[in-house]
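Engineer: Shown below is the structure under consideration.
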Number of protein chains: 2
Amino acid sequence: MSSHPSRVLSEFLAGLRYDDIPASVIARTEDLYLDWFASALAGKGARQIDIMERYVEKMGPSSGPSTILVNRKNSSPYFAALVNGASSHLVEQDDVHNGSVFHPAAVVFPAALAAAQDLGKSGADLLVAAVAGYEAGIRIGEFLGRSHYRIFHTTGTAGTLAAAVAVGKLMGFNADQFLHALGSAGTQAAGLWEFLRDAADSKQLHTGKAAADGLLAAYITRDGFTGAQRILEGAQGMAAGMSTDADPARLTDRLGARWATAETSFKFHASCRHTHPAADALQLLMQREGLQHDQIVAVNTRVHQGAIDVLGPVVNPQTVHQAKFSMGTVLGLIAVHQSAGLGEFEQHALQDGKVGAFRDKVRMTLDEEVNTAYPARWLGRVEVDTVDGRHLSAAVDVPKGDPDNTLSRDELEDKAQRLIRFSRAATPQETDRIIAHAWQLHAAPAVNDALNNLFAR
Amino acid sequence: MSSHPSRVLSEFLAGLRYDDIPASVIARTEDLYLDWFASALAGKGARQIDIMERYVEKMGPSSGPSTILVNRKNSSPYFAALVNGASSHLVEQDDVHNGSVFHPAAVVFPAALAAAQDLGKSGADLLVAAVAGYEAGIRIGEFLGRSHYRIFHTTGTAGTLAAAVAVGKLMGFNADQFLHALGSAGTQAAGLWEFLRDAADSKQLHTGKAAADGLLAAYITRDGFTGAQRILEGAQGMAAGMSTDADPARLTDRLGARWATAETSFKFHASCRHTHPAADALQLLMQREGLQHDQIVAVNTRVHQGAIDVLGPVVNPQTVHQAKFSMGTVLGLIAVHQSAGLGEFEQHALQDGKVGAFRDKVRMTLDEEVNTAYPARWLGRVEVDTVDGRHLSAAVDVPKGDPDNTLSRDELEDKAQRLIRFSRAATPQETDRIIAHAWQLHAAPAVNDALNNLFAR
């Protein structure tokens, strides 16, 4: 039934089994899970998340099967998904799928984890559900296209359907039920970029609501609530109302052969993406040459024009946020502290004289090759002059965290530890247990038991 | 600040006081309240509402300040708004504002009543809040325009903001807070017409979620959560994403001088409003000519484009709900049973062969005059061919229930009694108390106490 791509997608989702999914994709999904878990904890203490917690105390039950990660309280699945969704995008270190410009973890895992706890599901069930949510959500984001993303926050819109799919998979939906759940999720899908202009708090509302509303769609579908059969491609559906370049073929693109889940990128540095290629190249060079920051007298980063446009104006950063757009500061953190993570930014980006001194050694130059390759490829090129008169260079062709240069489990553990340390949402011992839990997720007989063993309460 | 209509609207809302509102508008708001209250009760027992009640039992607290009308249980304001919003549009007898094609009661009163109970407000407070919600929501619906309504269910989208405004008014918001609440509500606004094609249940989801999500926006605003300052008119706001003919001047149209609340129509027939002008015109014609249904061989209804868009897909209704969107079925009930009320739909819309036969005689044609007058005026124009070869026509310029042809309090009481009898949601004695409660709402010191005295529990 090629004229009904939503149904083809639904049939794929209904038939998906753990054994159909390549082991490498399952392992990558555990990677994504740990990365998400730590991101959700990293939002603890932020004003927006405090407000959402108070909202849940007012509106939700004070007990229930599902865990709110930032405060370790339990509530009903809806409210756990709401707060965990809100908190997981707060520090902007959660994963991203480049082609769909969609952050799957922030919406899929909050809904799936809350439902898995409620439904007594295993780690393998949760992994299959997450893969279903990623595969559907990424294709829906690609389907909605660039015209959609210009106005709508795809993570909020496509995310509502992705969350519904993940929960529906945990409920064992057949194709008809997936169609209904997509219908009920799609007709709730929302999220506008207008808030960016005012630096308003809506981003947390978008991810929290997408996770929670998608979960709602699945729960009412299970009880027989019906939805539109072509919410995506129909004449009065999402594409008709919210896109001018939607491509229905993307909804069914190589289902079961292409694993979009494994195309998802991890964010490595806690800075503007335009700084990442040079940061990676400098790190490579310093490790390769065994250099310390004080052995370097000058760094020339060879960049694309977009980097100069965005980063060029930031000469003397005054806030942590500004520092994330300062090429010199980012390279200074890499050189002096070997990392440009959240903690380094908070502690060292502004106050550390060594980082400041290194910042003033860094310049950007437009590079023809780098500029031509962009935006399809983000090439990192640095040239370094040393105190002993050497002129060194290094090149990185795929930024750290992209699928072709993904993070190792050691690097993921390190990133998770840094995220959790940043918000003090868990002790080092608890963090170790969280990491072990993620790496053993495929074997966990019950997600709920596994979660309950993570935290001292 | 004419360049910031959202702010002008917010300043009006912040300044609105009971004494500013004409007594006739207050009285009409009590009429609207009774009509809504009975509509919400009429949804009791429907499958969709049963599912929403089960959802609340699963996700919400089992006690709280706010009343779920269909089952008399209490929960938190969010869940009372959700279920009352879902149930109040179920039988499609709730009010409608023609110019905005917006059903204000179904989203404004569920949110306002739930919050008024929580906040300990008076009947006068509730009436002012409802007027604020109506005035804002109607203008927002008008602002979003016809292009919006072609794809989006305005009651879901504009309704989310209307609900937020009503709750914000109960919370005493200043203009800045109203702007934030509009931002947080607008970025959640959703609802697509695609479900109509499949007779899916989404309409109840739209009204329930609009009421509940608007309430959510107001509660987090009170705690300091910020929203976009131009969610309606901004470059990445609702109009940019969801309309091609938005008119910002409508947002501030004669604020404080024009009372849009009092322009709201009561529904007389139990069907989609788009069928009413033709139903009135056919009823007039048949009474005038003394015609019986079997003397008619063809009916041509001359309609506006919106009627064709919404009703056109419903060719062969399979459910009572779908039948309410079938022009042929509605006219068939009028022709065969002289009424298209709730009872007639339940008993005759699908099973009665005479109604089915009449349905197939009805067609819709786009009429230039009708289309141009819409949505300000809903003109009814029918042409009838009779078995004896006559070609007759009739015109109705103001459908029954419109402000210029409104229902008296006796007619409203009669309609409320019929709605409540239909679902058996209250006894006749309780219904009398509900009616008395509505007519004395302006004098009620505490809405919560008044509500608690209505029902035997």
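The values are calculated or read from the model by the stated rules, or taken from the named source; none is laboratory data. In this text, all values refer to a predicted model and were calculated from it rather than measured experimentally. Don't worry about glycine lacking a Cβ; one is built from the backbone with ideal geometry, like all the others, and counts go over all protein chains shown. Surface accessibility is based on the protein's heavy atoms, side chains included, excluding ligands, DNA and RNA. Shrake-Rupley method; radii C 1.70, N 1.55, O 1.52, S 1.80 Å.
Engineer: If B:Ile435 passes every condition in (1) closer than 23 Å to B:Thr275 by Cβ; (2) touching an Asp or Glu at 6+ places or on another chain (Cβ under 6 Å) but one, which one does it miss?
Structural biologist: (1)
Engineer: A further question on this structure: Tally time: how many residues in segment B:115-171 are surrounded by fewer than 24 Cβ atoms within 10 Å (Cβ to Cβ), touching a Gly at 6+ places or on another chain (Cβ under 7 Å) and hydrophobic (A, V, I, L, M, F, W, C)?
Structural biologist: 1
Engineer: Which of the residues belonging to segment A:234-283 are hydrophobic (A, V, I, L, M, F, W, C) and within 14 Å of chain B (Cβ to nearest Cβ)?
Structural biologist: At the first step, the residues of segment A:234-283 found to be hydrophobic (A, V, I, L, M, F, W, C) are A:235, A:238-240, A:242, A:246, A:249, A:251, A:255, A:257, A:259-260, A:262, A:266, A:268, A:270, A:272, A:278-279, A:281-282.
A:Ala235, A:Met238, A:Ala239, A:Ala240, A:Met242, A:Ala246, listed by residue number.
Engineer: Against the conditions (1) within 14 Å of another protein chain (Cβ to nearest Cβ); (2) closer than 30 Å to B:Leu311 by Cα; (3) open to solvent by 10 Å² or more (accessible area, probe 1.4 Å), where does B:His103 fall short? Just the number, please.
Structural biologist: Among (1) within 14 Å of another protein chain (Cβ to nearest Cβ); (2) closer than 30 Å to B:Leu311 by Cα; (3) open to solvent by 10 Å² or more (accessible area, probe 1.4 Å), B:His103 violates only (1).
Engineer: Pick from segment A:197-233 the residues that are farther than 19 Å from A:Ile68 by Cα, among the aliphatic types (A, V, I, L, M) and more than 7 Å from chain B (Cβ to nearest Cβ): which of them is most open to solvent (accessible area, probe 1.4 Å)?
Structural biologist: It comes out as A:Ala199.
Engineer: When you go through A:Ala190, A:Ala217, A:Ala105 one by one, which is the residue that is within 15 Å of the chain's Cα centre (by Cα) and closer than 24 Å to B:Ser184 by Cα? Give the steps one after another, and end with the answer.
Structural biologist: Details: A:Ala190 fails: within 15 Å of the chain's Cα centre (by Cα); A:Ala217 fails: within 15 Å of the chain's Cα centre (by Cα).
Result of the check over A:Ala190, A:Ala217, A:Ala105: A:Ala105.
Engineer: Sort out which residues of segment A:69-100 are more than 23 Å from A:Tyr149 (Cα to Cα), away from chain B (no Cβ under 14 Å) and either buried (at least 24 other Cβ atoms within 10 Å of the Cβ) or of a type in the set (Asp, Glu) (or both), and write them in order of number. Talk me through it step by step, then tell me what you get.
Structural biologist: Of all residues in segment A:69-100, those more than 23 Å from A:Tyr149 (Cα to Cα) come to A:69-81, A:83-84.
Then drop every residue that is not away from chain B (no Cβ under 14 Å), which leaves A:69-72, A:84.
Listed by number, the residues that qualify are A:Leu69, A:Val70, A:Asn84.
Engineer: Also: Return only the number of the condition from (1) open to solvent by 20 Å² or more (accessible area, probe 1.4 Å); (2) not in a helix (DSSP H, G or I) that A:Arg418 does not satisfy.
Structural biologist: (2)
Engineer: A further question on this structure: Could you tell me whether any residue of segment A:53-65 is of a type in the set (S, T, N, Q) and crowded, with 22+ Cβ neighbours inside 10 Å?
Structural biologist: As a first pass, look at segment A:53-65 and keep what is of a type in the set (S, T, N, Q): A:62-63.
With crowded, with 22+ Cβ neighbours inside 10 Å added as a condition, the list becomes none.
Checked segment A:53-65: no residue is of a type in the set (S, T, N, Q) and crowded, with 22+ Cβ neighbours inside 10 Å.
Engineer: Specify which of the listed residues (B:Ser10, B:Ser24) is among the hydroxyl-bearing types (Ser, Thr, Tyr) and surrounded by fewer than 24 Cβ atoms within 10 Å (Cβ to Cβ). Break it down stepwise before answering.
Structural biologist: On the way: B:Ser10 fails: surrounded by fewer than 24 Cβ atoms within 10 Å (Cβ to Cβ).
Selected residue: B:Ser24, the only one of B:Ser10, B:Ser24 that is among the hydroxyl-bearing types (Ser, Thr, Tyr) and surrounded by fewer than 24 Cβ atoms within 10 Å (Cβ to Cβ).
Engineer: Show the residue pairs that are 6+ apart or on different chains and have beta-carbon atoms under 9 Å apart, the first residue being within segment B:431-457 and free of Cβ contacts under 8 Å to residues at least 40 places away in the same chain, the second being assigned to a helix (DSSP H, G or I) and exposed (fewer than 14 other Cβ atoms within 10 Å of the Cβ).
Structural biologist: Cβ pairs passing all conditions: B:Ala456/B:Gln429.
Engineer: What number of residues within segment B:327-376 satisfy the criterion of being of a type in the set (Val, Ile, Thr) and touching a Cys at 6+ places or on another chain (Cβ under 9 Å)?
Structural biologist: Initially, segment B:327-376 is screened for residues of a type in the set (Val, Ile, Thr), giving B:329-330, B:334, B:336, B:355, B:362, B:365, B:370, B:372.
In the following step, the residues that additionally are touching a Cys at 6+ places or on another chain (Cβ under 9 Å) were identified as B:330.
Qualifying residue count for the region: 1.
Engineer: Looking at B:Arg302, B:Arg288, which one is among the basic types (Lys, Arg) and buried (at least 23 other Cβ atoms within 10 Å of the Cβ)?
Structural biologist: Numbers: B:Arg288 fails: buried (at least 23 other Cβ atoms within 10 Å of the Cβ).
None of the other options fit; the residue is B:Arg302.
Engineer: Ok, one more. From the list A:Val310, A:Val303, A:Val297, which one is at pLDDT below 90 and on the phi < 0 side of the Ramachandran plot? Let's see the steps before the verdict.
Structural biologist: Values: A:Val303 fails: at pLDDT below 90; A:Val297 fails: at pLDDT below 90.
None of the others qualify; the one that does is A:Val310.
Listed here are the residues, each with its yes/no results for (1) among the hydroxyl-bearing types (Ser, Thr, Tyr); (2) surrounded by fewer than 16 Cβ atoms within 10 Å (Cβ to Cβ); (3) touching an Asp or Glu at 6+ places or on another chain (Cβ under 9 Å); (4) at pLDDT 95 or above.
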{"position": "A:Asn316", "(1), (2), (3), (4)": "no, yes, no, no"}
{"position": "A:His321", "(1), (2), (3), (4)": "no, yes, no, no"}
{"position": "A:Val355", "(1), (2), (3), (4)": "no, no, yes, yes"}
{"position": "A:Leu366", "(1), (2), (3), (4)": "no, yes, no, yes"}
{"position": "A:Glu383", "(1), (2), (3), (4)": "no, no, no, yes"}
{"position": "A:Ala394", "(1), (2), (3), (4)": "no, no, yes, yes"}
{"position": "A:Lys400", "(1), (2), (3), (4)": "no, no, yes, no"}
{"position": "A:Asn405", "(1), (2), (3), (4)": "no, yes, yes, no"}
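Engineer: May I ask you to say which residue of A:Ala112, A:Ala158 is at pLDDT 95 or above, more than 14 Å from chain B (Cβ to nearest Cβ) and within 18 Å of the chain's Cα centre (by Cα)? Step through it out loud before you land on a result.
Structural biologist: Working: A:Ala158 fails: more than 14 Å from chain B (Cβ to nearest Cβ).
Selected residue: A:Ala112, the only one of A:Ala112, A:Ala158 that is at pLDDT 95 or above, more than 14 Å from chain B (Cβ to nearest Cβ) and within 18 Å of the chain's Cα centre (by Cα).
Engineer: Sticking with this one: Considering only segment B:428-457, state which residues are open to solvent by 60 Å² or more (accessible area, probe 1.4 Å) and more than 18 Å from B:Glu30 (Cβ to Cβ).
Structural biologist: Matches in segment B:428-457: B:Pro428, B:Gln429, B:Asn452, B:Ala456, B:Arg457.
Engineer: How do the helices (runs of 4 or more DSSP H) wholly within segment A:17-125 filter down when requiring 1 or more residues that are without any contact (Cβ under 8 Å) to a residue 24 or more places away in the chain: which remain? If you could, list the steps in order and put the result at the bottom.
Structural biologist: Values: elements: A:23-42, A:47-59, A:77-88, A:105-119.
Result: A:23-42, A:47-59.
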